[in-house]
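Written below as structure tokens is the structure these notes are about.
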């Protein structure tokens, strides 16, 4: 793709440029693009930067006007690092980044790279969501001079991509993935995908319509557990650590909330939640049977659940998901959740997501990630006393 112009529609183009032209564009435009963020101002460096290796640079144009860029450089023998993308704010929100991304990935593939990596402030869903939809996986969270960053990785090798699912605990190892991981698993009967049928229990509150013949109904915890035990093996292919015995202590007594998703007189999914603390509800478990996935049902389900939690008086919602489970993480981020961390537990490597109904706390999360500077009510809640000119920088 070297030397080719990428046509992005609506008068936009990405044109290959030199490293010097990219740096010149940064010097002229980065204040207009990234102003308002929070980056720690280090003293001048004492060491020269390491050589970049191969660089891949594009200028983004609308007509003949330079309105942004993308810069990537080699990291190691198989990895390219998407180091910097900038688009003038007046050209954001038009799907330009989403349209550009597949062309960049194809250029990296043609250049011989296997892995594509990037870092983004943890609450910058406008960039994280397109990346996850393009196949990137959440790989880490780190605290750096710009705030809280999430690391994303895309594998252009499908076998390694399968290994990432195994590492997160989302799937069992098999075939070539198992061989590359040095494993020799015993073939086992796969439960997911089997026909499972449980009629809708007669108990519960009136059902809420989710369209296309689907409904959700609040049920008692005992009814939920009975259905869950019958359908669990049909819903999951995840790998959970076997503790080898019952829990030594009883579960804490907290408010719990349980729902069943129904279609055609049968249970096809569920959701359970419980109180986490005095402000927070924890979305414990959501599942849809295989034949009912890929229909936008989870996306339609989320607003109903958020409304129920808000009506219950909660301020914050928390959830955990396997780090490579983009089918759930993407709808949650699009609904307003943000990435709060990574955790290794008995289920695997889990992404921690959080949502808040409090707009000040939501802005506070952007401040913590470094996406914006503290101002107004957030600054007051943090005990900061900013001068008026500092307020105006946001």
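Structural remarks
- For the criterion of being in a strand (DSSP E or B) and either in the same structural domain as residue 362 (by TED's automatic domain parsing) or in contact (Cβ under 8 Å) with a residue 12 or more places away in the chain (or both), residue 127 fails.
- Selection within the range 237-262 - under 19 Å from residue 301 (Cα atoms) and surrounded by fewer than 18 Cβ atoms within 10 Å (Cβ to Cβ): 256
- Any chance residue 36 is outside any loop (DSSP other than H, G, I, E, B) and closer than 25 Å to residue 369 by Cβ: no
- Just one of the listed residues (307, 294) is farther than 24 Å from residue 344 by Cα, in a loop (DSSP other than H, G, I, E, B) and under 22 Å from the mean Cα position of the chain (by Cα), and it is 294.
- Search result, residues across the range 39-85 that are farther than 17 Å from residue 105 by Cα and assigned to a strand (DSSP E or B): 61, 62, 65, 66, 67, 68
- Restricting attention to the range 267-291, the residues that are touching a helix residue (DSSP H, G or I) at 6+ places or on another chain (Cβ under 9 Å) and part of a helix (DSSP H, G or I) add up to 1.
The values are calculated or read from the model by the stated rules, or taken from the named source; none is laboratory data. Every value quoted in this text rests on a predicted model; they were computed, and no experiment measured them. Here Cβ is always computed from backbone atoms with ideal geometry, including for glycine, and neighbour counts include all displayed protein chains.
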